[in-house]
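Data block below; observations after.
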Amino acid sequence: MSHDLPTPAPRITPENQEFWAATAQHKLLLMRCDNCGNPIWYPRTFCPDCGTFDTSWSEASGRGTVYAFTIVHRSMIDGYRQAVPYVLAYVELEEGPRIMTNIVGCEPDAVRVGMPVRVVFHDTGEDNALYRFEPAGSQ
Amino acid sequence: MSIRGKAFIAGAYEHPRREIPDRTNSQIHAEVAAGALADAGLSFSDVDAYFCDGSTGFGPMSMAEYMGLKCRHVDSTETGGSSYVFHVGHAAEAIAAGKCQVALITLAGRPRSAAMGGRPGGADPTGDMVFEGLWGMAGAVTGYALAASRHMYEFGTTSEQLAEVKVAASLHAQHNPNAFLQKPTTVEEVLDSPMISWPLRRDDCCVVTDGGGALVVVSPEVARDLERTTVKILGHGEHVKHADNGRIDLTYTGAVVSGPIAFEEAGVTQADIDYVSIYDSFTITVVETLEDLGFCEKGAGGRFVLDGTLVAPHGRLPFNTDGGGLCNNHPSNRGGMTKVIEAVRQLRGETHPEVQVPDCEIALAHGTGGSIGTRMGSSTVILGREDA
């Protein structure tokens, strides 16, 4: 099934522009700390684990599992208001970080905590795309 | 007690640049923090208190998360350009009081560069705002629903158990003539209310009300001269809990840190608490907070609230006897004020007789701000009767 969620464009800052540029090629980047090796989420040029500024980008596998989710039935956000019910979730990436996103590609009632998911990209029309996740078994 | 000689400034750092188009405010906060800590010979992991103004993201909640700070004291007094001088004074007070040892104060802004980029006021969004603002996180309820879903998954908590929290609040609210909702409700009625953000229904949510509240805190000398019965502040703890670099755990709140600090300072235990005001933005907030404050084991909160535990005056742990945010009042969408006010009423013996806890000597009030689904400011106060 096709998604009917809105695709609002992210606000680009000097700190996140490389991340969002990569989404145009449907790549999900993770910032990593060069000092302690930990992934950093949300992306920033500072490692909150060890307090250093040495960071670099790597590409995430795009696979993960649902950590928590809610089925939103009432929304006041334009675009989302017309799309209820939809699923807001935290997905735990294979690399570790739990990231906020939407689950698409299945009925909201079919979503479960622990369900394997994979990334899909929805173009915003502004040279970037939103990373969302669908059940790993679906086409 | 005065702050004289009780605190020292050990590090100071001024950002060297005057035009910074290539950075966010968050980056600049971290850069000046690193500079001041290096100047002091300290590191980020030494910091246990954080002070900033309210201009970057969600103030200290956003910035503590960005920098990975684990704070037991936080202040975001906002007085414009003088804020940081207030912060120095407040940091000294906190250190003198034994609340913290290393207080970090930061300022960052880009009115020259960001204004050139067309943003009014020169404010740019923090990473949490950017990366959480795209997915239809519609109002506070969605974040709390995320937490509820995880709590249900890990511990088997049920919607019926959550509903018991609302029922207890409604039984109290029926005695409050000012309460927004005064009709007692049942578990069935709660479960029949419309789904807002699964698994939370309308009746799992607090009311939306106008209004306000105020408190006056005085010295022992002033209190002694007053005819009015006062309430003694026995202990206080606070914490900002955040997403912790992608490791967010939705099953607990910042009360796991603020609670033990408050209990230790007050010199009391959970068994000594006669009444609790627990922030009840949503039913799940109460269940998780009761666990985190040690009134039951982690994960057992859903079972703990069954069988009238929270119902005044004779439940094991009477809570929110004004009807709380769930039924009485949630002025300005901020419930911490009314939590303290009702605890004061209980300790003064001035609540409605039907909900007055007999011989109420020690009370606890807990506030949760922000969202248990992302980042929150948590504060616990323990209060006693004037003669406690």
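The values are calculated or read from the model by the stated rules, or taken from the named source; none is laboratory data. Predicted model only: the values in this text are computed from it and were never measured. Methodologically, a virtual Cβ is constructed for each residue, glycine included, from the backbone with ideal geometry; neighbour enumeration extends over all protein chains shown. SASA here: full protein model, heavy atoms, side chains in, ligands and nucleic acids out. Shrake-Rupley method; radii C 1.70, N 1.55, O 1.52, S 1.80 Å.
Data overview
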{"item": "Accessible area per residue, Å², the stretch B:25-132 with all protein chains present, probe 1.4 Å", "result": "37"}
{"item": "Charge dipole (chain A, unit charges on Cβ, about Cα centre) - positive-most of A:24, A:38, A:116", "result": "A:116"}
{"item": "Charge tally in the Cβ shell below 9 Å around residue B:25, where Lys, Arg are +1 and Asp, Glu are -1, residue B:25 excluded", "result": "+1"}
{"item": "Calculated FRET value between residue A:56 and residue B:244, using beta carbons and R₀ = 25 Å, to 0.05", "result": "0.70"}
{"item": "Taking N as its residue count, the alpha carbon Rg of the stretch B:21-86 over 2.2 N^0.38 Å", "result": "1.09"}
{"item": "Chain B - percent relative contact order, Cα under 8 Å, separation 6 or more", "result": "18"}
{"item": "Sequence ranges B:272-285, B:187-200, B:217-230, B:9-22, ranked by mean other-Cβ count within 10 angstrom, highest first", "result": "B:272-285, B:187-200, B:9-22, B:217-230"}
{"item": "Kirkwood hydrodynamic radius (C-alpha pairs) into Stokes-Einstein, the stretch B:139-385, 25 °C and 0.890 mPa s, D in µm²/s", "result": "138"}
{"item": "Accessible surface of the stretch B:158-253 [probe 1.4 Å, protein heavy atoms]: carbon and sulfur percent", "result": "54"}
{"item": "Inter-label distance for residue B:214 and residue A:94, nm, one decimal - labels placed 7 Å from Cα along Cα-to-Cβ", "result": "6.0"}
{"item": "Pairwise label distance in nanometres, residue B:354 with residue B:78, each label 7 Å out on the Cα-Cβ vector", "result": "4.0"}
{"item": "Buried area at the B-A interface (accessible, heavy atoms, 1.4 Å probe, summed, Å²)", "result": "4200"}
{"item": "Simple Cβ-charge dipole of the stretch B:139-385, Lys/Arg +1 and Asp/Glu -1, about Cα centre, in debye nearest 20", "result": "420"}
{"item": "Kirkwood-based Rg to Rh ratio, the stretch B:25-132, C-alpha trace", "result": "0.98"}
{"item": "Other-chain or far-sequence residues with amide H under 5 Å of residue B:377's (modelled H)", "result": "B:369, B:370, B:371"}
{"item": "Mean-position separation - Cα centroids, the stretch B:37-110 and the stretch A:118-139, in angstrom", "result": "38"}
{"item": "Local net charge near residue B:363, Cβ-Cβ under 13 Å (Lys/Arg +1, Asp/Glu -1)", "result": "-3"}
{"item": "Viscosity 0.692 mPa s, temperature 37 °C, Stokes-Einstein D of the protein assembly as shown from Kirkwood C-alpha radius, µm²/s", "result": "135"}
{"item": "Length released on extending from residue B:228 to residue B:316, taking residue separation times 0.36 nm less the Cα-Cα span", "result": "28.7 nm"}
{"item": "Any cysteine of chain A lacking a neighbouring Cys Cβ under 4.7 Å - listed by number", "result": "A:106"}
{"item": "In the protein assembly as shown, lysine pairs with alpha-carbon atoms under 22 angstrom apart (chain gap of 8 or more, or interchain)", "result": "13"}
{"item": "Spin-label model distance (nm) - residue B:202 vs residue B:158, 7 Å beyond Cα toward Cβ", "result": "2.4"}
{"item": "Rounded percent of accessible protein surface that carbon and sulfur make up, chain A, 1.4 Å probe", "result": "45"}
{"item": "Minimum 40 Å² accessible area buried by the other protein chains, the stretch B:120-163 residues, probe 1.4 Å, relative to alone", "result": "B:125, B:130, B:131, B:134, B:135, B:136, B:138, B:146, B:150, B:153"}
{"item": "Positive minus negative residues near residue A:42 (Lys, Arg vs Asp, Glu; Cβ under 15 Å)", "result": "-4"}
